[in-house]
Amino acid sequence: IKLGNYIEAEKYLNMALELKNPPKKKLYYNFIELNINIGNEFVSKKSYIMAISYFKKALEYIYRYEEIDSDNIYILSLKKELENQLYPKS
């Protein structure tokens, strides 16, 4: 993820999820980071529909992460920010 090789990162994260006892908290955190980074790449290219799809994926992983650790302030703030951006209240 840190090298910007997102396809490779996603492949290995998915492989790690298939392990017998995967560290789900860490994996979900990495999936959140991965999808936000990819979304930001699409924003920089003005491909907003693609960016939204990745931000929605990040939000799905935030919900999964929250089931494991609902006290992580950083994750909760990301959740709130993404929900406000993706689903603005009229």
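Identify the single condition in (1) touching a residue at least 24 places away in the same chain (Cβ under 8 Å); (2) in contact with a helix residue (DSSP H, G or I) (Cβ under 7 Å, 6 or more places away or on another chain) that MET50 does not satisfy, given that it satisfies every other one.
(1)
Say we look at segment 40-87 and pick out the residues that are open to solvent by 40 Å² or more (accessible area, probe 1.4 Å) and β-branched (Val, Ile, Thr); which of these is nearest to the chain's Cα centre (by Cα)?
ILE52
Looking only at residues in segment 49-90 that are not in a helix (DSSP H, G or I) and not polar (S, T, N, Q), which one is farthest from PRO23 (Cα to Cα)? Write out each step before concluding.
So the first thing to find is which residues in segment 49-90 are not in a helix (DSSP H, G or I), and the list is 69-72, 87-90.
Now narrow it down to the ones that are not polar (S, T, N, Q): 69, 71, 87-89.
Working: ASP69: 13, ASP71: 17, TYR87: 30, PRO88: 33, LYS89: 35 Å.
For segment 49-90, the residue satisfying everything is LYS89.
Taking segment 6-39, which residues are in a helix (DSSP H, G or I), open to solvent by 80 Å² or more (accessible area, probe 1.4 Å) and farther than 15 Å from LEU76 by Cα?
Selection gives ILE7, LYS11, TYR12, MET15, LYS24, LYS26.
The values are calculated or read from the model by the stated rules, or taken from the named source; none is laboratory data. Note that the coordinates shown come from a computational prediction; the quantities given were computed from them, not determined experimentally. Positions of Cβ are generated from backbone atoms using ideal geometry, with glycine treated the same way; all protein chains shown enter the neighbour counts. Surface areas here come from the heavy atoms of the whole protein model, side chains and all, with no ligands, DNA or RNA. Shrake-Rupley method; radii C 1.70, N 1.55, O 1.52, S 1.80 Å.
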